[in-house]
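**Student:** For reference, the structure I am asking about is given below.
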Amino acid sequence: MLLRAGHAVARNWSGTSQPEAMKAPAAASSLDSRCAKFVWTCSTPIPVAMKLPTGCIQNPPIDVFSAIEPVFRRAMHAVITGGNMRMMGSDQAVAEVTPFRAKRYVSPTPSKAAPDALYWSVQMTAVSLQRDRASFMRIYDHFSPRLQRYLRNLGVPESMADELVQEALLTLWRKASMFNPARASLGTWLYRVARNLYIDHVRRQPHWLPIQDGLDRLDHAESDRRDSQPESSFDQDLLRQAIDGLPPVQAKLVRMCYLESKSHSEISAELEMPLGSVKSSLRRAFAKLQVSMRTPR
Amino acid sequence: MTPNHHLDDVTVLSYSAGALPAALAVVASAHLERCAACRARLLDADCIGGVLMLQQRVDTPAEDARAAMLALLDAEPAIEPPAPPADIVQEPDSDRLPSSLHPWFGHSLRALRWRRVAPGVQRILASGIGGGDLMLLRIAPGSKLPLHSHGGNELTMILDGAYDDMLGHFGPGDVADLDGEITHQPVTSPGVPCICVAATDAPLKFSGWVARALQPLLGF
C-alpha cells in the first residue's frame, strides 16, 4: 500500500506566536506534523513510497503516526545523512504534496511534547543546506532563552549574555555544516558553543576557542570511523530522568559544577565538604549518568 | 600511540563545565588531542551539560531580540565561509607539541630553551596563565624525584621519554591526574630524558627535608 500524505498542519512547538515558523520547508513541516498525532484524510501520494502495516488506513481511526514512525524515522535519517535528498528542500517535492486535513484529535499529550533531537536535526539540515531562516528562528526561539539563562547563572552580566547568545546563534548559522546529528544533539552542540564563548570572553582565556575548534575538527573527521556511542543513539529522556533521580548531594554538586561553573576546590570550600568527597560524589554521579546514556532505546 | 593513563572522570566533568583552572585545562586539552577515549567521555559530559542547560525554566524571546537576530543574519555573507584548515595533525610528529601548548611554549619540542633548576632537572615556566602554574619539565633518564604529594590537583602529561611510580608506567600521551591523596616518587626510565608538561593549582608537598628546603628555589 502506498502512503498518502501532504503538508503538515502548521504547528508551533513552543506554544508561542512565531510568524517565521509558518514559512517552514516541506520536510520540516511534515516532521512537525508527526507529534500532532492526527488521523489525516490523505489525498496525494508523497514521492517516497512507504509500506504500512496492514490495517493502517483501511480501519481508521488509528494513530497513523505510530504505525509509520519507524519507517518515517529511517526516511528522515536518510535525509539527514544525505542519502535521500528528495524530501528536503526540493521545490519539486513541495509541489508534489497537498495539505493534510485534520480529522480527529487522538492523543491529549502531544501539544505539550518537546521537540526531539530528530526535529532539531531536520531544522539544522535546512539551515545548513538551504540557509533557511525560518528553521533558524525556530532554533533561536527554543534555545536562545536557555542559553541566556545558562550564561546569567554563570554570573555573566545581562548585556554581555545577550551578546554571547547572539554570537552563539551566529556561530550556528555560520558553522551549520559542521553539525553532525550522529555525534551530538543540537542541545549538546549549542552548550559547547556557549561554554566556549563564556571561557573565551568572560574567563578571558584567548587560546581556548582555537583549541576547541581543533578538537571539534578532530571529532568531525573521526566521527565516521570511530566505533563509539553516538549521542543520537541514546534516549535523552533517560538521561533527564537519571539527572532528576540523582541523590540530593550528587545533584547539587553536578549543578554547581555545570550551572555555576565552580571548580572542585570552590565547591569544597563553599559546602565545607572535603575535596575528596566532592570528587568521589561527582564520580558516582557521572557513572550513573553514563549508564543511562548506554541504555538502549 | 594510544595512551594508557587517562583523565579522571571528575576532571573530564570539570573541563566540560568550563570549571577547570586554566593551567589544568591546558594539560587536559593536550591529552584530549591525543586521546579519542577521553574525547568520547568528554562528549558524555557535554551531553549532561546540554540537558542541564535545556532543563532551565525560561521565557519566550522578546520580539526586539528576534528582530535584532534577524538583522544580524541580514548582515551575514550569503555564502557560508569555508572551514579553516585544521591545525591538529592526524599523524603524530614526535617533535610537534600538542596544540594547547603552542601559545605557551611554541610548536617544537627540539626548539625549547631549557633552564636548569636542579641537577638533572630542567624547566620552562609559562608566565601569565593565571589559574595555577604551568611548566615543562625535562628530567634526566634514570632519575629518582623526591617523594611528594600534592596540595591540590596536578595534571602531568608525558611528551617524550617515560617514568614509573606506584601508579604504573607512564609513556608519551599518558596523563597522571593526581590530588592530595596520592604520594608518589617518580623514577624516569633509562635511555632518553623524560619530558612532560605539568599543571598544578597548589604547590607540591615534599616529604623529605632536603626537598622541602630546596622547594622555594626550585619553584615547585
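**Student:** Taking the condition at pLDDT 90 or above, open to solvent by 20 Å² or more (accessible area, probe 1.4 Å), closer than 21 Å to B:ALA28 by Cβ and acidic (Asp, Glu), does B:ASP201 pass? If you could, list the steps in order and put the result at the bottom.
**Tutor:** On the way: at pLDDT 90 or above: no; open to solvent by 20 Å² or more (accessible area, probe 1.4 Å): yes; closer than 21 Å to B:ALA28 by Cβ: yes; acidic (Asp, Glu): yes.
Answer is no for this residue.
**Student:** Within segment B:19-40, restricting attention to residues that are surrounded by fewer than 24 Cβ atoms within 10 Å (Cβ to Cβ) and without any contact (Cβ under 8 Å) to a residue 60 or more places away in the chain, which residue is nearest to the other protein chains (Cβ to nearest Cβ)?
**Tutor:** B:ALA40
**Student:** If you don't mind, there's one more thing I want to ask. Quick one: which of B:ASP160, B:ASP165, B:ASP179 is touching a residue at least 60 places away in the same chain (Cβ under 8 Å) and among the charged types (D, E, K, R)?
**Tutor:** Working: B:ASP165 fails: touching a residue at least 60 places away in the same chain (Cβ under 8 Å); B:ASP179 fails: touching a residue at least 60 places away in the same chain (Cβ under 8 Å).
So the residue among B:ASP160, B:ASP165, B:ASP179 that is touching a residue at least 60 places away in the same chain (Cβ under 8 Å) and among the charged types (D, E, K, R) is B:ASP160.
**Student:** Hey, does segment A:276-291 have a residue that's open to solvent by less than 60 Å² (accessible area, probe 1.4 Å), within 11 Å of another protein chain (Cβ to nearest Cβ), of a type in the set (D, E, K, R) and in a loop (DSSP other than H, G, I, E, B)?
**Tutor:** no
**Student:** Step by step: first the residues of segment A:255-275, then only those that are free of Cβ contacts under 8 Å to residues at least 40 places away in the same chain and over 24 Å from B:ILE182 (Cα atoms), then the one that is most open to solvent (accessible area, probe 1.4 Å). Which residue is that? Before the answer, list the steps.
**Tutor:** Of the residues in segment A:255-275, the ones free of Cβ contacts under 8 Å to residues at least 40 places away in the same chain are A:255-258, A:262-275.
Applying the additional criterion that residues be over 24 Å from B:ILE182 (Cα atoms) yields A:255-256, A:258.
Working: A:ARG255: 79, A:MET256: 6, A:TYR258: 2 Å².
Out of the qualifying residues, it is A:ARG255.
Results for (1) modelled with pLDDT of 95 or more; (2) touching a Lys or Arg at 6+ places or on another chain (Cβ under 6 Å); (3) farther than 23 Å from A:TYR258 by Cα, shown as yes or no for each residue.
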site	(1), (2), (3)
A:ASP116	no, no, no
A:SER121	no, no, yes
A:LEU154	no, no, no
A:GLU158	no, no, no
A:ALA168	yes, no, no
A:LEU190	yes, no, no
A:ARG195	yes, no, no
A:ILE199	no, no, no
A:VAL202	no, no, no
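**Student:** Just for segment B:60-89: of the residues that are within 16 Å of A:GLY214 (Cβ to Cβ) and touching a Leu at 6+ places or on another chain (Cβ under 8 Å), which one is modelled with the lowest pLDDT? Before the answer, list the steps.
**Tutor:** Going through segment B:60-89, the residues within 16 Å of A:GLY214 (Cβ to Cβ) turn out to be B:83-89.
If we keep only those that are touching a Leu at 6+ places or on another chain (Cβ under 8 Å) too, we end up with B:86, B:88.
On the way: B:ALA86: 50, B:ILE88: 53.
Selected residue: B:ALA86.
**Student:** So, in segment A:142-153, how many residues would count as being aliphatic (A, V, I, L, M) and more than 8 Å from every other protein chain (Cβ to nearest Cβ)? Outline the logic, then answer.
**Tutor:** Restricting attention to segment A:142-153, the residues satisfying the condition of being aliphatic (A, V, I, L, M) are A:147, A:151.
Cutting the leftovers down to more than 8 Å from every other protein chain (Cβ to nearest Cβ) gives us A:151.
Qualifying residue count, segment A:142-153: 1.
**Student:** Out of all the residues in segment B:59-67, is one or more over 22 Å from the mean Cα position of the chain (by Cα), within 7 Å of chain A (Cβ to nearest Cβ), crowded, with 21+ Cβ neighbours inside 10 Å and not in a loop (DSSP other than H, G, I, E, B)?
**Tutor:** no
The values are calculated or read from the model by the stated rules, or taken from the named source; none is laboratory data. Remember, it's a predicted structure, so these values are computed and weren't measured experimentally. Positions of Cβ are backbone-derived with ideal geometry, glycine not excepted, and every protein chain shown enters the neighbour counts. Surface areas here come from the heavy atoms of the whole protein model, side chains and all, with no ligands, DNA or RNA. Shrake-Rupley method; radii C 1.70, N 1.55, O 1.52, S 1.80 Å.
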